[in-house]
Amino acid sequence: MKKLIKNATILTMESNRLVKGDIGIEKDRISFIGKMPDHFDPEYEIDARNHMVMPGMINAHSHGAMSLLRNYADDIPFWEWLTEKVWPIEAKMNSNDVYWGTMISIAEMIRSGTTAYADMYFHSEETAKASLEAGIRCSIAKGLVGSSEEDEQRMADTRTLYKEWNGAGDGIISVMAGPHAPYTCDASFLGKVMNLSDELNIPIHIHLSESEKEIEESIKKHGKSPIAHVHSLGLFKHHVLAAHCVYLMPGDIQLLREENIYVAHNPLSNLKLGNGIASIHEMKEAGVNIALGTDSSCSNNNLNLFEEMKMASLLAKGKTTDSTVLSAFETLQMATKNGARALNLEESIGVLKVGGKADLILINMDQPHWYPHQNLISSLVYSSHGSDVETVIINGKVVMEKKEFKTIDLEKIKYESKKIVERIY
Ligand SMILES: CSC[C@H]1O[C@@H](n2cnc3c(O)ncnc32)[C@H](O)[C@@H]1O
Ligand SMILES: [Zn+2]
């Protein structure tokens, strides 16, 4: 079906210029930007007067099903949070729970303008199923933890996930390998993950250098930082999406840059878990590709990339005591283009261009906190809210229009999720 978005203020993210005009969509792709050609006869029209149209945002690190654990383990130290609260309750979660927990996250992400996300969790077939039904782009990694006797089964599970889901939904679903972290996956296990990544030609999504404890233990055990350790094992020969990278030792940034590692920066989760502030400015200056993630609702406690953008930019300014670093536009690039690269998505995703994938959002600028419309890119990063997003199109399909979900039954999600927490809490 041909769709027309008319009277829009368009931010393509190919540059920081805003243009007024229309956007045409045919099937899953953008057919024009600017003035509608005479031969284009739309069957569906969206009036975007007073709305900004920009590429959908990309959440480069999340655990969707953990929205069931929102506000379940707050204000406690990271290690206690993970080992004494999160892991025990996750042991009670079944595939149905993962489906509904992920659905809560998908609804929240679409509502706040996220059109693609990277997920790491278990029962990942359910993440794939929920994402496909909702129509959101997702790069799914089945979380892997090494334990020798079950290693082969774990590799086989990712192989099955790949065979059944990679490329599903006209390519909106893709699969990654998901070793949880260097402290839960030993060298031999990571070797098996690398072989699997080679065999299936898939990226690797891992938590890396998140906490001070992780660094201290890595130095004690391997005589190296976690980054230097996984590099010495050969992990960086692959496409690696590394979540966090908060604690960096001399030489770490150079390795991340030289090996083209994609870093997912999760500022709110790092703050909330007391893990500190990543050196984003230093990494960016060195040329590291940095994307933005939320991590889970159990450590954030929401999945709103608008909040993440503002926090990322302000933290970088605060950490360097330099208000010129990480400008609004550079921060937007992290949430769009850089995220698409990190997830290994088709090159056109993260920007709006003719012939490119139609993953885009309409944001209502006709609200007090947007006026007087002096610098709309600054408004977007420093003043706007996720709830300003009104319409979301993914792969050419309208999944939310004027805040009404087209693919998601929100009442059912609310009902099912309440039922689940009564059982597992
Ligand atoms: C093996 S599936 C993924 C696994 O990761 C856990 N997790 C969630 N957030 C974090 C984090 O910030 N650091 C480390 N691990 C995290 C999640 O609970 C699952 O068990
Ligand atoms: Zn995480």
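The values are calculated or read from the model by the stated rules, or taken from the named source; none is laboratory data. Just so we're clear, the structure is a prediction, and the values are computed from it rather than from any experiment. Ideal geometry is used to build each Cβ from the backbone, glycine not excepted, and the neighbour counts take in all protein chains shown.
Would you check which residues across segment 117-144 are crowded, with 16+ Cβ neighbours inside 10 Å and either part of a helix (DSSP H, G or I) or of a type in the set (Val, Ile, Thr) (or both) and list them?
Within segment 117-144, SER124, GLU125, GLU126, THR127, ALA128, LYS129, ALA130, SER131, LEU132, ALA134, ILE136, ILE140 meet the criteria.
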Practice problem: Collect the residues in segment 153-183 that are farther than 20 Å from ASN344 by Cβ and either modelled with pLDDT under 95 or in contact with a Phe, Trp or Tyr (Cβ under 8 Å, 6 or more places away or on another chain) (or both), keeping them in residue-number order. | Solution: GLN153, ARG154
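Being more than 14 Å from ARG137 (Cα to Cα) and crowded, with 18+ Cβ neighbours inside 10 Å is the filter; apply it to segment 349-360 and report the residue that is nearest to the chain's Cα centre (by Cα).
Looking at residues that are more than 14 Å from ARG137 (Cα to Cα) and crowded, with 18+ Cβ neighbours inside 10 Å, I get VAL351.
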Quiz item: Among the residues of segment 46-76, how many are under 18 Å from the mean Cα position of the chain (by Cα), in a strand (DSSP E or B) and among the hydrophobic types (A, V, I, L, M, F, W, C)?
Solution: 4
Quiz item: Is it the case that some residue within segment 229-236 is closer than 26 Å to ASN59 by Cβ and touching a Pro at 6+ places or on another chain (Cβ under 7 Å)?
Solution: yes
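Would you pick out the residues in segment 146-186 that are aliphatic (A, V, I, L, M) and crowded, with 16+ Cβ neighbours inside 10 Å?
Within segment 146-186, MET155, LEU161, ALA168, ILE172, ILE173, VAL175, MET176, ALA177, ALA181 meet the criteria.
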Exercise. Name the residue, out of LYS397, LYS406, that is in contact with a strand residue (DSSP E or B) (Cβ under 9 Å, 6 or more places away or on another chain) and either modelled with pLDDT of 95 or more or not assigned by TED's automatic domain parsing to the domain that holds ALA8 (or both).
Key: LYS406
Quiz prompt | Within segment 96-129, tally of residues that are within 12 Å of ILE172 (Cβ to Cβ) and not β-branched (Val, Ile, Thr) | solution = 3
Quiz item: Within segment 89-112, is even one residue on the phi > 0 side of the Ramachandran plot and modelled with pLDDT of 95 or more?
Solution: no
Quiz item: In segment 196-218, how many are more than 16 Å from ligand 2 (Cβ to nearest atom) and either of a type in the set (S, T, N, Q) or under 12 Å from LEU248 (Cα atoms) (or both)?
Solution: 6
Practice problem: With respect to ASN16, determine if the residue is among the polar types (S, T, N, Q) and assigned by TED's automatic domain parsing to the domain that holds ALA134. | Solution: no
Self-check item: LEU332 vs. criteria modelled with pLDDT of 95 or more, assigned by TED's automatic domain parsing to the domain that holds THR114, surrounded by 14 or more Cβ atoms within 10 Å (Cβ to Cβ) and not in a loop (DSSP other than H, G, I, E, B)
Solution: yes
Quiz item: Going by the structure shown, is MET52 buried (at least 24 other Cβ atoms within 10 Å of the Cβ) and away from ligand 1 (no atom under 15 Å from the Cβ)?
Solution: no
Quiz item: Name the residues in segment 247-267 that are surrounded by fewer than 24 Cβ atoms within 10 Å (Cβ to Cβ) and within 16 Å of ligand 2 (Cβ to nearest atom), would you?
Solution: TYR247
Practice problem: With the condition kept exactly as written, say whether any residue in segment 234-248 is farther than 30 Å from LYS319 by Cβ and within 16 Å of ligand 1 (Cβ to nearest atom). | Solution: no
Quiz item: Does LEU268 qualify as being in the same structural domain as TRP87 (by TED's automatic domain parsing), over 16 Å from the mean Cα position of the chain (by Cα), within 13 Å of ligand 1 (Cβ to nearest atom) and not small (Gly, Ala, Ser)?
Solution: no
Quiz item: Among the residues of segment 279-305 satisfying the criterion of being farther than 19 Å from ASN344 by Cβ, of a type in the set (Gly, Ala, Ser) and more than 16 Å from ligand 2 (Cβ to nearest atom), which is surrounded by the fewest Cβ atoms within 10 Å (Cβ to Cβ)?
Solution: ALA286
